[in-house]
Amino acid sequence: MLKDRNGKVLSVGEAWHKIIARIASIILEFEVFILHLIGCVPSHFIRRFFYRLSGIKIGKGSTIHTKARFYDPRNITLGADTIIGEEVTLDGRAKLTIGNHVDIATEVMIFNSQHEVDDENFTAHDRPVFIEDYVFIGPRSIILPGVKIGKGAIVAAGAVVSRDVPPYAIVGGVPAKIIGERKLKSLNYKLGRARWFR
């Protein structure tokens, strides 16, 4: 008689489904480990090649700097002319969409899966994250599941964003609150090239 981790008796079909899911999970974990190693290679061309091969959609002129971490690359989309800083965490367990001309600084963590603290099994739930065009996210900020960051918004360094951010808002703090507004609304700049060995 087979049981799950909570002691529930499983049918043969349920047990087979769990075995297949576990094997798929192990394969994904290995792929993510390989991507982490590739993330240390000091070549944007090589990293982009393997990231795209793993399923990450990367727009023209966009780059991901060294030591990025991914939880599931297949659900991650980057627009054009977007720069992702060093040691960033990009969670693709649900859809993660990052727009055009977005600047994400060093050590930012973007999550779209979290455990429900009031669930008796502490189950994880996935919710998509959307970051619109011309957003800047400062160093060591954390973006939590289900958040949408509007066009041109700025997230201050170290902020924890748990709610949607309106377009052109400047947010900061833990939890992040609106602390200002971007005056320029007609944004059309390009971020330029990425650093060669980063």
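Since every read-out is calculated from the coordinates, none of them should be taken as a lab result. Nothing here was measured: the structure is a model prediction, and the numbers come from that model. Glycine also receives a Cβ, built like all others from the backbone with ideal geometry; neighbour counts cover every protein chain displayed.
Assorted remarks:
- Residue in segment 1-19 that is farthest from the chain's Cα centre (by Cα), counting only those that are more than 17 Å from residue 121 (Cα to Cα) and surrounded by fewer than 10 Cβ atoms within 10 Å (Cβ to Cβ): 1
- From the options 83, 56, 38, residue that is within 15 Å of residue 193 (Cβ to Cβ) and surrounded by 16 or more Cβ atoms within 10 Å (Cβ to Cβ): 83
- Residue check, residue 96 within 16 Å of the chain's Cα centre (by Cα), of a type in the set (A, V, I, L, M, F, W, C) and over 23 Å from residue 60 (Cβ atoms): no
- Single match in 178, 170, 143 (criterion: in contact (Cβ under 8 Å) with a residue 12 or more places away in the chain and within 17 Å of the chain's Cα centre (by Cα)): 143
- Residue in segment 82-98 that is part of a loop (DSSP other than H, G, I, E, B), of a type in the set (Val, Ile, Thr) and touching a residue at least 40 places away in the same chain (Cβ under 8 Å) present: yes
- Enumeration of residues in segment 99-110 that are surrounded by fewer than 21 Cβ atoms within 10 Å (Cβ to Cβ), touching a Phe, Trp or Tyr at 6+ places or on another chain (Cβ under 8 Å) and not in a strand (DSSP E or B): 99, 100, 105
- Count of segment 121-156 residues which are assigned to a strand (DSSP E or B) and either in contact with a helix residue (DSSP H, G or I) (Cβ under 6 Å, 6 or more places away or on another chain) or more than 12 Å from residue 104 (Cα to Cα) (or both): 7
- Taking segment 129-157 as the range and being of a type in the set (Gly, Ala, Ser), surrounded by fewer than 22 Cβ atoms within 10 Å (Cβ to Cβ) and at negative phi as the test, the residues that pass are 138, 150, 156, 157.
- Residues of segment 128-153 that turn out to be hydroxyl-bearing (Ser, Thr, Tyr) and over 16 Å from residue 173 (Cβ atoms), as a count: 1
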